[in-house]
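Take a look at the structure set out below.
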Amino acid sequence: MCACASNRVPLYVAPSSETIETGTEMTLSGDGQYVYVFNHSSVPIIVTGLHLVACENIKNRCEVQRLQVRVPPGQRVNLATVRPDNTSRPSSFRFTYTWERAHDQ
C-alpha cells in the first residue's frame with residue numbers, strides 16, 4: 001500500500017476567448033434552445049451581457065440583457081432559454097455576449 005502525497009501545483013488557465021465557450025442546445029422538452037457559457041479557465045468569470053440578434057419568430061426580446069451571472073471554473077451555466085413565438089414556423093437567432101473575470105471579495 002502506498003501513502004503517496006501529491007505536491008502538484010494547480011495549473012493556472014487564464015480566461016480568454018480560447019477558454020470561454022458558448023453555444024446553444026435544444027431544451028429537454030424540445031420547445032426551445034438554451035444559450036450557455038462554459039468556462040474552461042481555472043478562475044471564475046462573470047457574464048455581464050447577452051444580446052440576441054437577427055431574431056426571427058422568437059418570443060424573447062431581441063435586445064441587450066444586462067447580466068451578472070457567475071460561471072465557476074470548469075462549469076457550464078445556461079444564460080437564457082430562447083423559444084419560438086409561433087411553433088409552426090421556423091425560428092432563428094444569433095447572439096453575442098460580454099464577460100469579465102470575477103473579482104473575489
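Just so you know, all these numbers are worked out from the coordinates, no wet-lab data involved. Small disclaimer: the values here were computed from a predicted structure and weren't measured. When we count neighbours, we look across all protein chains shown, and the Cβ atoms used for this are built from the backbone with ideal geometry, even at glycine.
For the reader, a short list of remarks on this structure follows.
- Considering only V47, V71, V13, the Gaussian network model of the chain with Cα springs below 10 Å gives its largest mean-square fluctuation to V13.
- Distance (nanometres) between label positions extended 7 Å along Cα→Cβ at L28 and A14: 3.9 nm
- Structure-derived Cα extents along the principal axes in Å: which label, when the choices are (1) 63, 34, 23; (2) 83, 29, 25; (3) 35, 30, 24: (1)
- Available extension along the chain between T87 and R66 is 4.8 nm, counting 0.36 nm per residue and deducting the alpha carbon span.
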